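Colleague: Got a structure for you, written out below as structure tokens; questions coming shortly.
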Amino acid sequence: MKLAIEMRARPEKTQELYQTLQALLPAIRRAKGCQDCRVCRDVEDGDVFFLNIEWERRASLEHYVCSGNGSALLGAIDLLSETARVRFCRVSPWEGIDGLTKMRKRV
């Protein structure tokens, strides 16, 4: 299952968001079921970042989102991003970040 998160940094928080995502990458990559994880920065708008994670199965993503590391990621997005949206798989539409927070409540 592919997960994409697009984040626009809050004004004056671009560097902090970038550094936080870098710090979170090792833990995401070690999470059970994570097959690949990358952070990309928009070359035309340096305030926009994409976190792309490929999970073995949806259950692996749900487990991560409910973990302490998942909470840290969602907290960083909340504190450092002006806007954020998620997309599950490449063909699904973009939706609000609440798609991940709702997942926490269901599990």
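Colleague: Restricting attention to the alpha-carbon atoms of segment 2-106, what are Rg (one decimal) and Dmax (integer), both in Å?
Modeller: Considering segment 2-106 through its Cα atoms, Rg and Dmax are 12.7, 37 Å.
Colleague: Exactly which GluC sites (Glu not before Pro) in segment 1-91 are in a DSSP loop and have at most 15 other Cβ atoms within 10 Å?
Modeller: Glu12, Glu44, Glu56
Colleague: How large are Rg and Dmax for segment 56-107 when only the alpha carbon atoms are used, in Å?
Modeller: Considering segment 56-107 through its Cα atoms, Rg and Dmax are 11.1, 30 Å.
Colleague: Just to be sure I follow the definition: excluding the sites themselves, where is the longest run in the chain that has none of the trypsin sites (Lys or Arg not before Pro) in a DSSP loop with at most 11 other Cβ atoms within 10 Å?
Modeller: After excluding every exposed loop site, the longest remaining stretch is 58-89.
Colleague: Still on this structure, please answer the following. Across the chain, how many lysine pairs, 8 or more positions apart or on different chains, have C-alpha atoms separated by under 22 Å? Please give the number.
Modeller: The result is 5.
Colleague: To the nearest 10 degrees, how steeply does helix 68-80 sit against the main Cα axis of the chain, on a 0 to 90 scale?
Modeller: 30
Colleague: Take Ala59 and Glu12, extend 7 Å from each Cα along the Cα→Cβ direction, and tell me the distance between the two endpoints in nm.
Modeller: Placing both labels 7 Å beyond Cα along the Cβ direction yields 4.7 nm.
Colleague: Bin width 10 Å, alpha-carbon pairs only: give the P(r) of segment 19-71 as whole percents, running from 0 to the bin holding the largest distance.
Modeller: 24, 52, 21, 3
Read-outs: derived from the displayed coordinates by stated rules, not from any lab. All figures in this text were calculated on a predicted structure; none of them were measured in a lab. Methodologically, a virtual Cβ is constructed for each residue, glycine included, from the backbone with ideal geometry; neighbour enumeration extends over all protein chains shown.
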